[in-house]
Amino acid sequence: SQKIEQNSEALNIQEGKTATLTCNYTNYSPAYLQWYRQDPGRGPVFLLLIRENEKEKRKERLKVTFDTTLKQSLFHITASQPADSATYLCALAAGSSNTGKLIFGQGTTLQVKP
Amino acid sequence: DTAVSQTPKYLVTQMGNDKSIKCEQNLGHDTMYWYKQDSKKFLKIMFSYNNKELIINETVPNRFSPKSPDKAHLNLHINSLELGDSAVYFCASSQAGQDLQHFGDGTRLSIL
């Protein structure tokens, strides 16, 4: 069956360190993968999208990698700050193209301590 | 200006009642979605409309009926509410050709 898993429900790190979050999937061949940030009581906010033919994408302190052989995406936040504390969701494109259907992982809650 | 807005933000009601949640987007997008986020935080797609046409209809009880009067609005009507319907419901929108989705801040539905 199709499955998406984010490696841990919670991740605690010290300010200034690099946070690395993992998203693994099985029985999918997604055209792209997205990462969203969700704060308590708010909706998810789009961060980055990486396509199947891309290995890496960067945006400021954020970096995403996509390994279609390992069926895995890694999401890195460098020089982390307490303001980065939130839940991070990975999402795969699923179904036929152009439907916009996304399948979400269960999220990893990141806590950055000062 | 709020891009995707949902009303109400909180909805507390009795089992068996019928309720509606409204969603509006001012981004000019042509595709809108409804998601359900349960207590374990899983966000699951329920429905999607493109230019008022239903294009995604996941395995959702037929007590849930989406309605899109125009491409800027997608409402969700729920009949005969059950305890298991308690969740946060999110509306989202996207533009064809752009894959990222913009989410509202959710409607927390609590069934007593």
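Across every direction, the projection of the convex hull enclosing the Cα atoms of the stretch A:52-114 has a mean area of 5.4 nm².
Taking every alpha-carbon pair under 8 Å whose residues sit at least 6 apart, the stretch B:1-104 reaches a relative contact order of 34 percent.
P(r) tail for the stretch B:2-48, what percent of Cα pairs lie past 18 Å?
Roughly 45 percent, once rounded to a whole number.
Look at the alpha carbon pairs under 8 Å that are at least 6 residues apart: their mean separation over the length of the stretch B:53-112 gives a relative contact order of 26 percent. Could you pull out the longest piece of chain B with no exposed loop trypsin sites (Lys or Arg not before Pro) in it, calling a site exposed if DSSP puts it outside H, G, I, E, B and it has at most 16 other Cβ atoms within 10 Å? With trypsin sites (Lys or Arg not before Pro) excluded where exposed in loops, chain B gives B:64-112 as its longest stretch. Largest GNM mean-square fluctuation across B:96, B:87, B:72, computed for chain B with C-alpha springs under 10 Å, falls on B:96.
Counts of other chain beta carbons within 10 angstrom of each beta carbon in peptide A:83-92 average 1.
Rounded to the nearest 20, the Cβ-based charge dipole of the protein assembly as shown about its Cα centre (Lys and Arg +1, Asp and Glu -1) stands at 240 debye.
Which value, in debye to the nearest 20, describes the size of the charge dipole of the stretch A:1-102 about its Cα centre when Lys and Arg Cβ atoms bear +1, Asp and Glu Cβ atoms bear -1, and nothing else is charged?
Numbers: 13 positive and 10 negative charges, 42 e Å.
Once rounded to the nearest 20, the dipole reads 200 debye.
Taking a straight Cα-Cα cut-off under 22 Å and skipping sequence neighbours fewer than 8 places away in the same chain, the lysines within cross-link reach of residue B:52 are A:101, B:19, B:22, B:36, B:44, B:67, B:71. For the stretch A:20-114, GluC sites (Glu not before Pro) meeting the loop criterion (DSSP other than H, G, I, E, B) and having at most 16 other Cβ atoms within 10 Å: A:52, A:54, A:60. Counting Cβ atoms of other protein chains within 10 Å of each residue's Cβ and taking the mean over peptide B:81-90 gives 1.
Shown here: the stretch B:45-112, whose C-alpha atoms stretch 41, 22, 21 Å along the first, second and third principal axes, sorted largest to smallest. Computed over Cα pairs, the Kirkwood radius of the protein assembly as shown leads via Stokes-Einstein (0.890 mPa s, 25 °C) to a diffusion coefficient of 135 µm² per second. The mean count of C-beta atoms from other chains within 10 Å of the C-beta of residues in A:102-112, rounded to a whole number, is 3.
The ellipsoid that matches the Cα gyration tensor of the stretch A:8-49 has semi-axes, each √(5λ) in whole angstrom, of 22, 16, 11, with the longest given first.
Computed from the coordinates by the stated procedures, all read-outs in this text should not be read as laboratory data. As the structure is a prediction and not an experimental result, all values here were calculated from the model. Please note: Cβ atoms are built from the backbone with ideal geometry, for glycine as well, and neighbour counts cover all protein chains shown.
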